[in-house]
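Please read the structure below before turning to the comments.
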Amino acid sequence: MTDQKPKKFVVIDGHALIYRGYYALPPLTTQKGELVNAVFGFTSVMLNMLGKLRPDYLAVTFDLKAPTFRHEAYEDYKATRPETPDDLIAQVPRIKQIVEAFKIPIFEQAGFEADDMIATLAKKIEDYPEVEMAILTGDMDLTQLITDQVKVVAPISGFHEVKNYDAEVVFEKYGVRPDQMVDYKALVGDTSDNISGVPGIGKKTASKLLQEYETLDGVYENLSDLKGAMLNKLEFGRELAYKSQELVQLRFDAPMDFDLESCQTHEVDGGQVRLLFGELEFRSLLQKFDNLQNSWQTENQQALF
């Protein structure tokens with residue numbers, strides 16, 4: 001008797017893909033003047049994912065505009081980020097229309113980031129050992145969630161290919177395990193989120209310290225082993241390190257009503273998808289959609305769409 005093949009649960013990091021599409025693609029507009037580059041990028045990645053991964057379950061997470069608990073704890077959190085362009089924000093409703101036409105559940109919650117929603121979903125999926133979770137994102141902060149059951153899948157090469165991140169790939173890239181990524185970021189910081197880390201501690205030093213002492217606590221419990229400039233930097237940056245750790249650590253308790261079966265890949269509203277693609281003038285994606293429908297029907301003797 002052969003082992004049953006694990007089922008796949010794909011969680012799409014909505015805003016990560018929206019930003020990627022907006023900045024990676026030229027300003028595509030319809031004949032009516034509607035800007036749709038972020039919509040096109042997001043939809044293209046989603047269709048590629050459906051074709052390559054053939055998920056059994058799907059979900060999408062989005063950020064909401066409301067401040068999160070991190071902003072309340074640290075007023076300078078993400079303060080150095082430029083304001084989100086208005087013409088990007090204007091594309092979000094269109095993207096949600098497409099997600100709804102594909103009948104994919106959306107998880108979002110005021111006061112929490114999409115990353116926290118994803119972390120909470122990763123925690124909940126532990127109750128389903130027969131299911132593997134793939135996080136579709138370009139945000140490497142989510143590598144802290146990688147386990148034997150959870151992987152990160154990042155779109156590359158103009159949305160046509162993806163890179164799979166597991167524990168081995170994370171170690172090759174950062175020199176630490178996924179469960180050490182929070183403490184790694186606590187030491188090196190994250191300029192994109194205005195998280196300082198320990199001033200003067202770089203990536204190589206951080207990975208070396210964590211390989212030796214395992215955790216941030218382990219580093220600070222063994223300062224007597226260190227000397228010179230490194231010791232001075234760590235002593236000076238202790239408070240910043242622990243504040244950074246608090247900001248980087250994702251939450252696993254975001255409020256949500258989760259039912260795995262409600263995330264099951266449903267029959268898509270093909271008529272609504274074609275209507276939206278027509279309005280958005282996504283001719284190439286409509287062809288991709290039709291090809292995907294045909295291939296899925298051939299493989300499964302039933303239409304997904």
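Between the entries [x] 35; [y] 52; [z] 29, the label attached to percent of Cα pairs over 31 Å apart calculated for this structure is [x].
Couplings for segment 5-18, taken from phi via the Karplus curve 6.51 cos²θ - 1.76 cosθ + 1.60 with θ = phi - 60°, read 5, x, 7, 10, 10, 9, 10, 9, 7, x, 5, 4, 6, 4 Hz in order; Gly and Pro are left as x.
Placing unit charges on C-beta atoms (Lys and Arg positive, Asp and Glu negative, everything else neutral), compute the dipole magnitude of segment 173-248 about its Cα centre in debye, rounded to 20.
380 debye
Rounded to the nearest whole Hz, the Karplus-based 3J(HN,Hα) values (6.51 cos²θ - 1.76 cosθ + 1.60, θ = phi - 60°) of segment 128-145 follow the sequence 10, x, 7, 10, 9, 10, 10, 9, 8, 7, x, 8, 6, 4, 6, 5, 5, 8, with x at glycine and proline.
May I ask you to compute the full-extension gain from Tyr128 to Gln264, defined as 0.36 nm times their residue separation minus their alpha-carbon distance, rounded to one decimal in nm?
Numbers: separation 136, 0.36 × 136 = 48.96 nm, distance 1.36 nm.
Using 0.36 nm per residue and subtracting the Cα-Cα distance, I get 47.6 nm.
Calculate the FRET efficiency for Glu100 and Lys227 from the Cβ-Cβ distance with a Förster distance of 51 Å, rounded to the nearest 0.05. That pair, Glu100 with Lys227, gives E of 0.30.
3J(HN,Hα) along segment 111-125, derived from phi through the Karplus expression 6.51 cos²θ - 1.76 cosθ + 1.60 where θ = phi - 60°, amounts to x, 10, 7, 4, 4, 5, 5, 5, 4, 5, 5, 4, 5, 5, 6 Hz, with x in place of Gly and Pro.
Packing, as the average of other Cβ atoms within 10 Å across residues, places the peptides 15-21, 106-112, 262-268 in the order 15-21, 106-112, 262-268, highest first. Overall, the ratio between the Cα radius of gyration of segment 173-248 and 2.2 N^0.38 Å, rounded to two decimals, is 0.96.
We did not get these values from a lab; they are worked out from the coordinates using the rules stated. Since the structure is predicted, the reported quantities are computational estimates derived from the model, not experimental observations. Heads up, the Cβs are rebuilt from the backbone with ideal geometry, glycines too, and the neighbour counts pull from every protein chain shown.
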